[in-house]
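The numbers here are math on the coordinates, done by the rules we state, and not lab data. Quick caveat, the model's predicted, so the values are computed rather than measured. Note that we place each Cβ from the backbone using ideal geometry, even for glycine, and neighbour counts take in every protein chain shown.
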Amino acid sequence: MNGSEGPLLDQEFLKKLDGLILNTRTALQGDIGGNRKSRSKGNSIEFSDFREYVTGDDFRRIDWNAYARFERLFVKLFMEEREANVTVFIDLSGSMDWGEPNKGKLAKQLAAVFVYIALANLDRVSVAGIQERPGAYLPYFSGKQGFWKALKFIEDLEFGGKTSLNEAIKSYTHLKQGGGISIVITDLLSKDGYEEGLKYLQYLKQEITLLHIMAPQELEPEVSGSLRLTDVEDQEIRDITVTPQVLKAYKRTVDEFLNSLRDFCYTRGINYVLTSSAASIEQVIFTNLTRLGFVR
Amino acid sequence: MLNFLNPWGFLFSLFIPAIILLYLLKQQYQEVKVSSTYLWQKTIQDIQTSMPWQKLRKNLLLFLQLLAVLLFTLAIARPFLYRKAENSSDFIIVLDCSASMQAEDVKPTRFLRARNEIEKFIDGLFPDQRVTLIAAGYEPDVVARRTGDKNTLKGRLKRIEVTNGGGSMDETLSLVQAIARELEDVEIHVYTDKNYEFGRPNYKSIVFNENGDNFAVDLVSWTQTPDGPVILSRIANYSGENATLSVECLADGITADVKEIMVPADGTTDVYWTGIPSHTRWVEIDILDKDDLLLDNRGWAITDYHEDNRVLLVSQRNIFLEKAVTLRKDIELIKTTYEQADDTEGYSLYIFDGYIPESLPDDGNIIIFNPQNDNNFLNVGEEFVPGNIHLSSQTRYSQFLDFVAYDDFHIARARQISVPDWGNVVLEAEQGPLLITGEKGSQRIAVFSFDVHDSDIPLKMDFPILMQNMLTWMLPQGLGHDVKYYAGQEVQIQSMPGVQNIYVTTPSGERLSIDPTYSIVPINDAREVGIYRVQQDVVSSKGTNTTEHYFAVHVPTQSESDLRPGQVLTDTSQYESGQYTPVVQMKELWRYFAWILLAVILLEWWVYQYGY
C-alpha cells in the first residue's frame, strides 16, 4: 500500500481550504525578511526601518528628510510583500507506508493540502521527498494552475527504503536562498535522529513546521508473547517477549521520545504537531493545525 | 531406601536435552512487521538498564522448565521409600469384626482404626505382592483372595462391617492356617484388639487396644411370682476400679425404676427389680453411664407370659396319657369322649386315643394313638405283634426318642398302617411302623400304631420323657424356650399350625417377612441387638388370629465386654507356612513430586507472564 487509493483530496475539501493561509510567527527577520503581510501585493507599503545607503540601492527610497537632518544617506526599509518559498518535505521511507490507517496516505494528503494553501497564498512551493538521500523532487512553482500537476506528483510518490532525516535534509540542494517555509511531514522514525536536519534547515533561515505522524499501533501496540519484530525499512530483526511489563516500558519510551521531541521543537521555535494516522485530514487541518495557529 | 516402581519413567528425562536444544535453537517467535524497531530497541535498553538481572529471566524460565521436567520424570518413575529389603510375596490379613472392636477407646473406634491401618498397608504394597483379606465376623469371610489389586482390596475392605457378635477368630485362624499351608512365602497379620500370642514369627498381631473402661449388662433373667415378674440383672464392671452406676429398668419401653448401684472393680453386682407390671412383655436394663463400649450397656428379658396351651384328649379314660400330658404346667387339658369329639376346634393339640373323628380339626397339631380302620384319614390294616423295635433312620424326628430306651419296649400288638405321603416312620418293628410323624402343611401329626395299654411303655419312666419330647414339638411357643440369643446366632421360629404370614420386626423397626412354609423357620438377620417381635397370622375357620411373641438378641458379654487386651494363647505349633520374612513398609512419593511440579509450573507461568 502506498496510500494512493482514491483521490487524495476532493473538490469539496479543497474549497474549504480556500480561506486558509499559512501563518508564520516571524513576520520580518533581518533585512531580507520578506513575508506575506497582505494578499494584494504592492498595494500597501508599510514602513519598517532605516539603513545606510549602499551602492546599488534603489535611490528612490532614499529618505531625503533624514539626509537633511543628518547629511547622510539613509534608505527607508519597507515590509516587502514578497512571495514566500514553501518547501514541503515528505518522508518517503518504508516506515511511512505502515500502520492502520496508513501513515503514508495522511502524509500525502497533508502535503497536498499545504501545496494547495501555499499556492492559494500566491507563494512558491516545492515538494521534496526524503529517504536516505533526497528523493523525488518537484521544483518551485507558483500559480494555482500548477496544483494539479503537484497533486499528480504527490499521488505518484512511492514509499520505500530507509529514512535518514539528517542526511537527506543536509544534502538537499534545491532550497532557495533567503529563507522560506519548510513543512516536514514525517514519522521521525529515523535511527540517526532528526535534530541535525532540523537545525540545518533553521540555519538556512527556514521556518519549520514539523508534522509528526504516528500510527495508533506505534503509540499503543496491541501485541503480546514472543515476537520477532522485523523493521520494514532495514529488515533488522529484534526478538522480544512482550509482557505487560514490556508494554508499559514501551509506552514509557514513546512518551519520553515525544516529550524530548516537543522540548526540542519548543526551544528551537519549531512548530510541532503530532497526529495519529487514525485522524482524518479535516480533523488535522481544521482542528489540530488551526487550533495551534499554523493555519488560519 | 529409595527405589522406583516405574523406572521406565526416566525415559521422560529425555525431554531435558530437548528443552535445552530448543533454547539453543531459540524460541519460536511470532513474526511481526513493525514500522521501525527504533522504539522497541530503546524500550529493551530501558528495561535492561532498569532491571539488570533481566537477562537472567530467560535462564530462569529455562531453569524452571528443566526443574518441571525433572519433577515430572521423578513423579512418573514413582519413587518409593521402603524399610527392610526383603519382603513376603503373600499376606493374609485378618480383621477382627467382633463386638469389642466397636469400643471407642481407640479413636474413632478400634474397628475403623484397624480398617484404616489395613488400608495404609494395602497402599504400601509392591505390585507383585498379594493379599488375602479375611473378616472374622460371625463366621470367617474371605473377602478377597490373593490379589494385588489395591482398588479391589480397598473396595472389599470398605465393605467389611463390624459385628455385634463374638467374632469367629478361632475358626478364622484355622482357615488362615489352611490357606497359609498352600502358600510359599506368607505373612499373617491379625488386626484385632486382643493379644494373640501366635508363637510363630510370620504371625503378627496388630493390637488396637487402649484398655477401655466398660460396664456391661451381663444377664437379665426373670421369674414369675404372684406379685408379677421379678427381674434379676447382673451388672459387670470391667474397668478395674469400683464404680457407682445408674441403672434403669424399662418395662415394655417405659421406665419402671432407676437405681444407683456400686459395682466392684472386675466384679459383678446383682440387681433385683420388682414392681414390674404383670403383663409386661419385655424388660430392658440400661446402664446410663457412658463407657467405651455402649453396645453392651443394655440387656433384655422376655417376660412374655404365655397363655396355657389348650389340649383336647379324646379317649375312653387313658390315665397314663392324662398324667404324662399334665406334667407340663402350661397345659390346660380338656378330656372328652368319642361321642362328643366331632367338630371340635380351638385347641392347640388334639390327642385321639383309639379314635379318629370323621373330619380332622385343622387348627391344632394331632397325636393319634391306636387308630381304627374306620376312618378317612389313615389306611389301617391287620394287627401284628411287633418284634425287634428300632429307629427306622436318623431324621429330625428322631429327637422324640432322645433319652428313650425304645429297644426295651414291649408291645403286645399293633396295627399295620400304610405310611401316608406326609409321614415319616420314626420307630418301627420288623413287621411294620410303630410311630409315624410328619407335617401336613403346617399341621404336625404323630401316629402311634398301638394302644399304650397293650404295652409296657406307660410303666417305664421313658414314657413321660417320650411324651414331653413330643409335646415340645407339638406345642410350640412360637419360639423355642430359648428366647435369648447372641447376635449372629441362627434364630429358629417354630411356625404355628395354619400360619399364613410370619413377620419379624427388628429392633430398628425393619419388618421382615418370613416364609412360613416350614414348621421351623430360621432367621439369619438377627444381628442387631435388642428386642425382636415375631407376628404370626394363623388362619382358622374362626378367622385370622395374630399371635405375637418376642425374642432378644444380646452381645456375648462374656467374650466381648472385657475390653482389656488380655493374653490369648493360640496354639500355632501346628501352623505350617513358609519362611519368616520381615515386614516391608513402603511409601510412595510421587504425590509430593506432583505437588512441587504444580508449584513450579505455576511459578514458571508467573515469571513468563510478569517478567519477574
FRET efficiency, 1/(1 + (r/R0)^6) with R0 30 Å, evaluated for residue B:329 and residue B:492 via beta carbons: 0.80
Give me B:154, A:149 sorted ascending by neighbouring Cβ count inside 10 Å, so fewest comes first. A:149, B:154
Cα Rg over Rh - the protein assembly as shown, Kirkwood: 1.46
Per 5 Å bin, what is the whole-percent P(r) computed from every C-alpha pair distance within the stretch B:215-305? 3, 15, 28, 25, 14, 9, 4, 1
Please give the residues of the stretch B:393-418, grouped as numeric ranges, whose backbone N is less than 19 Å from a label point set 7 Å along the Cα-to-Cβ vector of residue B:430. B:393, B:406-417
Across every pair of different alpha-carbon atoms, what Kirkwood hydrodynamic radius in Å does the stretch B:422-480 reach? 12.8
Compute the distribution of all C-alpha to C-alpha distances in chain B, in bins of 10 Å from 0, and list the percent of pairs in each, rounded to whole numbers. 3, 12, 15, 14, 14, 13, 10, 6, 5, 3, 2, 2, 1, 0
Where does each of B:113, A:124 land when they are ranked from fewest to most other beta-carbon atoms within 10 angstrom? B:113, A:124
Please give the contour-minus-distance gain from residue B:225 to residue B:413: 0.36 nm per residue of separation, less the Cα-Cα distance, rounded to one decimal in nm. 63.0 nm
For chain B, take the longest principal axis of its alpha carbons; what is the angle in degrees between that and the long axis of helix B:15-24, to the nearest 10 within 0 to 90? 30
The answer for the net charge of residues other than residue B:248 whose Cβ lies under 13 angstrom from its Cβ, with Lys and Arg +1 and Asp and Glu -1, is -3
Potential extension, residue B:501-residue B:513 segment - 0.36 nm per residue separation minus Cα distance: 3.6 nm
Simple label model, 7 Å out from Cα along Cβ direction - residue B:254 to residue B:31, nm: 9.9
Could you pull out the GluC sites (Glu not before Pro) across the stretch A:195-265 that fall in loop regions by DSSP (anything but H, G, I, E, B) with no more than 10 other Cβ atoms inside 10 Å? A:222
Scattering profile of the stretch B:309-474 from the Debye formula, Cα beads only, expressed as log10 I(q)/I(0) at q = 0.12, 0.19 Å⁻¹, is -0.47, -1.34
Cα-Cα over 30 Å, subset of A:15/A:191; A:162/A:251; A:152/A:176; A:170/B:42: A:15/A:191
Determine the gain in length on full extension of the stretch residue A:287-residue A:170; use 0.36 nm per residue of separation and subtract their C-alpha separation, reporting nm with one decimal. 38.9 nm
At 18 angstrom or more along the helix axis (alpha-carbon based) and mean Kyte-Doolittle of 1.0 or higher, what helices does chain A contain? Whole DSSP H runs only. A:103-120
Please rank B:249, B:97, A:265, fewest neighbouring Cβ atoms within 10 Å first, as an exposure proxy. A:265, B:249, B:97
Chymotrypsin sites (Phe, Trp or Tyr not before Pro) lying in DSSP loop within the stretch B:396-461, provided at most 11 other Cβ fall within 10 Å: B:403
How far, in degrees from 0 to 90, does helix B:55-76 lean away from the longest principal axis of the Cα atoms of chain B, to the nearest 10? 30
